[in-house]
Amino acid sequence: MNLRQIDLNLLVALDLLLTERNVTRASEKLCLSQSAMSGMLARLRQVFGDELLVRVGRNLELTAFATEMAIPLRQCLLQLEDLLNTSKPFDPAQEIREFRIAATDYAVLLMLGPLVTRLEQAAPGISVRFVKLDGTAKDRLAAAEIDFSILPEEVETGLPSTGLFRDAWVCIAWAGHPAVAATLTLSEFLAQPHMAFDIGDNNHSSLADEHLARNGVQRNIVASTESFTNAPFLLQGTSMLAMVPRRLAERLQQAAGIKLIELPVAVPPLVERLMWNPRFTESLSHKWMRALIAEVAASL
């Protein structure tokens, strides 16, 4: 295929279609009508000789060909954008773009509100999309599918990063729990049933549980969840205990009807870091956003 035979705007539309997997959302991002975007998809199918997106049930899924080209396409468009913006000064007040951040619901709960507030004041055209944190975060950063990932410092990615904040672990129980007082001995802690967390696609336990396991401390796990923020609400009316970051427990204590109890065993604090693709280290917009996220984290 000769580059002269294709409108580069079609490639921008294709990138959005492959990312969103939804004609309506892609059309909204390009400020086009749904029919216009459908027309572009039809032209792209003709150009590439492939369906690109096929309907599976209610959803659109990528064909094998589209899956193979999605990452190279995104990288080419980013390189072209870098070239066009080489000498363009960065003005956050005039910038219009979206930053995608992979993070746990715990990090989202703490950071989304103050981050959006600062963006409204300094950069009303910049938005953030928080997406689920899973085991693919490193690969998605490399492919520029996301801009940042918020991960504990123990997770080694080899990517550039900066520290955000640290938090202590605390034990929580339903406020009406009849057998749990203001303090717990280790034997009392271990005698109670517990809720744990399975994080990501490979059922990784929380860092607190991994530390306890390395030191021969095994909790009596009777239930597990992927959500940190749901856990406090799931304890109501039960005898279960859970270990969560203190800021989360304090934020949800009243709403979830829980009580906080100091852990009877030492657990290292949770230290969160912001990570990104090294090709964006010198990007002015990325630098500005990194500084803003760090500023928000420092204020927590």
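Side notes on the structure shown:
- Spans of strands (runs of 3 or more DSSP E) in region 9-114 with at least 3 residues touching a strand residue (DSSP E or B) at 6+ places or on another chain (Cβ under 9 Å), of a type in the set (Phe, Trp, Tyr) and not assigned by TED's automatic domain parsing to the domain that holds Pro245: none
- Top-ranked residue in region 224-283 [being of a type in the set (Asp, Glu) and under 20 Å from Asp209 (Cα atoms); ranked as surrounded by the fewest Cβ atoms within 10 Å (Cβ to Cβ)]: Glu262
- For region 183-201, the criterion of a residue being in contact with a Phe, Trp or Tyr (Cβ under 7 Å, 6 or more places away or on another chain) and outside any strand (DSSP E or B) is satisfied by no position.
- The set of residues in region 62-96 that are in contact with a helix residue (DSSP H, G or I) (Cβ under 7 Å, 6 or more places away or on another chain), closer than 19 Å to Glu282 by Cβ and modelled with pLDDT of 85 or more comprises Pro92, Glu95.
- Considered as a group, the residues in region 35-55 that are under 16 Å from Thr24 (Cα atoms) and not aliphatic (A, V, I, L, M) include one that is surrounded by the most Cβ atoms within 10 Å (Cβ to Cβ), and that residue is Ser38.
- All positions within region 122-173 that are in contact (Cβ under 8 Å) with a residue 60 or more places away in the chain, within 15 Å of the chain's Cα centre (by Cα), in a loop (DSSP other than H, G, I, E, B) and closer than 18 Å to Ile293 by Cα: Leu133, Asp147
- Contact annotation: residue pairs with Cβ atoms under 8 Å, 6 or more positions apart or on different chains, pairing a residue in region 58-73 that is over 15 Å from Asp139 (Cα atoms) with a partner that is of a type in the set (Gly, Ala, Ser) and crowded, with 16+ Cβ neighbours inside 10 Å, are Leu62/Ala70.
- Condition check for Glu282: in contact with a strand residue (DSSP E or B) (Cβ under 7 Å, 6 or more places away or on another chain) and either without any contact (Cβ under 8 Å) to a residue 60 or more places away in the chain or closer than 21 Å to Val155 by Cα (or both): no
- Subset tally (residues that are surrounded by 14 or more Cβ atoms within 10 Å (Cβ to Cβ) and touching a Lys or Arg at 6+ places or on another chain (Cβ under 7 Å)) for region 103-144: 6
- Any hit, region 231-253, residues being in a helix (DSSP H, G or I), within 23 Å of Pro152 (Cα to Cα) and of a type in the set (Asp, Glu): yes
- Residue in region 29-37 that is at pLDDT below 85 and closer than 21 Å to Gln75 by Cβ present: yes
The values are calculated or read from the model by the stated rules, or taken from the named source; none is laboratory data. Please read all numbers here as calculations on a predicted model, not as lab measurements. For neighbour counting, all protein chains shown are included, and Cβ atoms are generated from backbone atoms with ideal geometry for every residue, glycine included.
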